[in-house]
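What follows is a short report on a single structure.
Read-outs: derived from the displayed coordinates by stated rules, not from any lab. Owing to the predicted nature of the structure, the values given are computational and were not obtained by experimental measurement. Every residue, glycine among them, receives a Cβ derived from its backbone with ideal geometry; neighbour counts consider all protein chains shown.
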């Protein structure tokens, strides 16, 4: 028996909301229907994908691994749909984008390549800046669209925004770490471990905020702006970290394995999306890019 796109959409909705009721609302079905669809999917795959907790549900390790495949499948379907709905690929124009460093390294290339295939005659110019600089340049109309971590924006102010991807955060640890024996790990457990802190894209501020919510503090031994340095330090067992699935890779540059485990507490997702100037008519090229991104990343969640 094969799984269906419907089951994938429902599973991704659950993964992104962590609540069956919210997931059901996002795809316009009843919670019981979404529960049944997830059970069918688990039966087909022969693995438990979610588990319940006090605040809702969370992905199991198997669920986390399957989520990445499910998102890729739905994105491919959305792109195929878009090929029949888009304006003429002969559309010409110019578009200026700016992204923050995390977005540039782990998100931008996929969306750029897909957009370039759809609209080969729209010239796109890229810049990389911090979120604060991107916001200022969008407001001054120096760039058309910013691609940023929308979860870092507390007040959209003069901007319109749309979130394209919600990335769960998990504990990263070496394959030989003692905590690897646990199916999930609490912040209390992690507080007793050496912690590797990433600095880019306001990561330390985000880390501090959710640790403070639980009146805890990580034992930071190393701060770095390099994701690869974090990966290497974790892989050799120098410490652990909590980072998003979007930047996760199972191997360090030296070929050492990095494992992930769910965190018991509710850790906020790292959300990636677009910002553009509110109350202003955007250019045709900018509107095509916004609509294209929405189609590619969010249409897969619709029923």
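Summarising the label geometry, the points placed 7 Å from Cα in the beta-carbon direction at residue 257 and residue 160 lie 4.8 nm from one another.
Where both bridge residues fall in region 169-268, DSSP classifies roughly 55% of the beta bridges as antiparallel. Place a point 7 Å from Cα of residue 192 in the direction of its Cβ. Which residues in region 219-234 have their backbone N less than 16 Å from it? 219, by backbone N distance to the label point. Per residue, the convex hull spanned by the alpha carbons of region 169-268 comes to 84 Å³. Between residue 280 and residue 224, the distance separating the two model label sites (each 7 Å from Cα on the Cα→Cβ line) works out to 3.9 nm. For residue 249 and residue 294, the difference between the fully extended length at 0.36 nm per residue and the C-alpha to C-alpha distance is 13.7 nm. Taking the DSSP beta bridges with both ends in the chain, the antiparallel portion is around 60 percent. For the chain, a Kirkwood radius taken over Cα pairs fed into Stokes-Einstein (37 °C, viscosity 0.692 mPa s) yields D = 160 µm²/s. When both region 4-72 and region 258-300 are represented by their alpha-carbon centers, they are found 20 Å apart. Report the residues of region 145-182 in range of a label on residue 22: point 7 Å along Cα→C-beta, backbone N strictly under 13 Å from it. 166-169, by backbone N distance to the label point.
Site pair residue 213 and residue 175 shows an inter-label distance of 3.3 nm when each label is modelled 7 Å from Cα along Cα→Cβ.
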